[in-house]
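Undergrad: Sharing a structure with you now.
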Amino acid sequence: MISTRGRYALRVLIDLAEHRNGSYIPMKDIADRQDISLKYLERIVPVLTKSGLIEGVHGKGGGYRLVLSPEKCIVGDVLRLTEGDLAPVACLAKDAKPCARAAECRTLGMWKKFNSLINDFFDGITIADLMNSSPAAENYII
């Protein structure tokens, strides 16, 4: 399951992409438009800044802007950054210890395939794709 942190990070990036004009956008403006508390944004934005997805400037005229073009900003990368991992089961998590039962696990192949489907799906979507999709689209297919 994707947490609010991952979902809000995507909303922040879409907002920055939709309002980019070369200048920096104050975090308060993003919070207001996205109906996200400023306090919660203050926990998400540093993660996006550290990763190099956005950059910020303090002071008058300061704020944040997208570093990458929306076409190069991959949803899967953002979700792995904010969620830590997209693995559906613990044994496939990035830092998981080798499972002693892997050799006899009848479900491991299924989980590996599901993990691949999840990552391939999100890696095939960009912020630009989300900008161009209609709100509340029921069937998102690329």
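The values are calculated or read from the model by the stated rules, or taken from the named source; none is laboratory data. Model, not experiment: these values are computed from the prediction. Positions of Cβ are backbone-derived with ideal geometry, glycine not excepted, and every protein chain shown enters the neighbour counts.
Undergrad: Restricting attention to the stretch 49-61, which residues are over 19 Å from Asn21 (Cβ atoms), surrounded by 11 or more Cβ atoms within 10 Å (Cβ to Cβ) and out of contact with any Phe, Trp or Tyr (no Cβ under 8 Å at 6 or more places or on another chain)?
TA: Selection gives Ser51 alone.
Undergrad: Scanning the stretch 45-66 for residues that are more than 18 Å from the chain's Cα centre (by Cα) and at positive phi, which turns out modelled with the highest pLDDT?
TA: Selected residue: Gly63.
Undergrad: Please go through the stretch 63-76 and pick out each residue that is of a type outside the set (A, V, I, L, M), within 22 Å of Met27 (Cα to Cα) and surrounded by 13 or more Cβ atoms within 10 Å (Cβ to Cβ).
TA: Of everything in the stretch 63-76, those that are of a type outside the set (A, V, I, L, M), within 22 Å of Met27 (Cα to Cα) and surrounded by 13 or more Cβ atoms within 10 Å (Cβ to Cβ) turn out to be Gly63, Tyr64, Arg65, Pro70, Cys73.
Undergrad: Can I ask one more? Can you find, within the stretch 91-129, the residue that is farthest from Glu71 (Cα to Cα) among those that are surrounded by 13 or more Cβ atoms within 10 Å (Cβ to Cβ), among the polar types (S, T, N, Q) and out of contact with any Cys (no Cβ under 8 Å at 6 or more places or on another chain)?
TA: Here the answer is Asn115.
Undergrad: Would you check if there is a residue in the stretch 102-113 being hydrophobic (A, V, I, L, M, F, W, C), within 16 Å of the chain's Cα centre (by Cα) and either at positive phi or at pLDDT 95 or above (or both)?
TA: No: zero hits.
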